[in-house]
Each structure stands twice: as structure tokens, then as C-alpha cells.
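Engineer: This is the structure I have questions about; it appears just below.
Where a number appears in this text, it was derived from the coordinates with a stated rule and is not lab data. What you see is a predicted model, and the numbers here were worked out from it, not measured in a lab. Note that each Cβ is placed from the backbone with ideal geometry, even for glycine, and that neighbours are counted across all protein chains shown.
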Amino acid sequence: MLTIDKFLRTARKCGFKIEDIDESQEDFDIEMQQYTPAGEDWWTTLSWNKNEDIRDKLQEYINGWDSDEEAEIWINMRGKNGVPSSIRELIDDQDWKLEQLKKLQRRLKAFKR
């Protein structure tokens, strides 16, 4: 099982800022933040049970990622409040997020199970 310390160190090396760690007896919730190339202040929360391996939960999150759906959130705000006006740029930004998650996952896989 991957330790929380190894996860946090690896996430930081991948450019994530760890904003909050909520630990109960059975669960972890970790809020992570990064700025995207298009300037979004991206926050994501990973949650998992201490009996689970975070790599498995991260893989589930990656498998469920849909860049089109993520970009759709911003469509009505295009060109306002710093949101890019280009749909392509919005989608590219979401693809970048997915690549950041995959990079984190690749680095975490280097640790023994």
C-alpha cells in the first residue's frame, strides 16, 4: 500500500499544491491545486478509504475523465472573466489536466504495491 507521505511528495513533484488533507479514522480526502496553461485555478479532490490503494482510486478518476464534459462547464462563460473564448483552448486545457493526472499516476506506479 502506498503511504500518504509518498503520495504527497509525488503529487508535489508533479506540480500540485496540496491545499487540504482531511483524515478520518478510515478515509483520506486531499484537495490539490494547480494553474492550467489557460490560467484556470484548477482544484481537484481525491478521496479514498485507507484500506484502498490511492493508485486505484486515481485510475478510476482518470478513467472517468471526459475533457469535453469538463470544457462544457466553461462554454457559457467564454471570453469573460479570464475564460478563453476558444472552445479548442478550453478542451486543450482539460486535456492538459488529464495529462497531469496521468503523469502523477505513472510516477506513483513506480512504488511497489
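Engineer: Using only Cα atoms and rounding to the nearest 10 degrees, what angle (0 to 90) does helix 4-13 make with the longest principal axis of the chain?
Structural biologist: Its long axis makes an angle of about 30 degrees.
Engineer: Just how large is the dipole of the chain about the Cα centre, in debye to the nearest 20, putting +1 at every Lys and Arg Cβ and -1 at every Asp and Glu Cβ? Before the final figure, lay out each step's value.
Structural biologist: Numbers: 19 positive and 25 negative charges, 176 e Å.
Magnitude of the dipole: close to 840 debye.
Engineer: Measure off 7 Å from each Cα along the Cα-to-Cβ vector at Asn81 and Lys109, then give the distance between these two points in nanometres to one decimal.
Structural biologist: 3.7 nm
Engineer: What list of ³J(HN,Hα) couplings, whole Hz, do you get for the range 90-102 from phi and the Karplus terms 6.51, -1.76, 1.60, once you set θ to phi - 60° and write x for glycine and proline?
Structural biologist: 4, 5, 4, 5, 5, 5, 4, 4, 4, 5, 5, 5, 5
Engineer: Follow-up. Per residue of the range 45-53, what does 6.51 cos²θ - 1.76 cosθ + 1.60 with θ = phi - 60° give for ³J(HN,Hα)? Whole Hz please, x for Gly and Pro, Karplus curve as stated.
Structural biologist: 10, 10, 10, 7, 7, 4, 7, 9, 8
Engineer: Starting from the Cα of Asn49, step 7 Å along the direction of its Cβ; do the same at Ile73; then give the gap between the two resulting points in nm.
Structural biologist: Going from the Asn49 label point to the Ile73 one covers 2.7 nm.
Engineer: Bin width 10 Å, alpha-carbon pairs only: give the P(r) of the chain as whole percents, running from 0 to the bin holding the largest distance.
Structural biologist: 13, 43, 30, 12, 2
Engineer: Taking 8 Å as the Cα distance limit and 6 or more residues as the minimum spacing, I'd like the relative contact order of the chain as a percentage. Provide the component values of the computation, followed by the final result.
Structural biologist: Values: 135 pairs, mean separation 29.3, N = 113.
It rounds to 26 percent for the chain.
Engineer: To continue, here is another question. Which order do the peptides 24-32, 101-109 come out in when sorted by mean C-beta neighbours inside 10 angstrom, highest first? Don't skip to the answer; put the middle values down first.
Structural biologist: Working: 24-32: 14.1, 101-109: 16.3.
Per-residue mean Cβ counts within 10 Å order the peptides as 101-109, 24-32.
Engineer: Cα to Cα, under 18 Å, and not fewer than 8 places away if on the same chain: which aspartates and glutamates meet these conditions relative to Lys109?
Structural biologist: Partners within reach: Asp5, Glu52, Asp53, Asp56, Glu60, Glu99.
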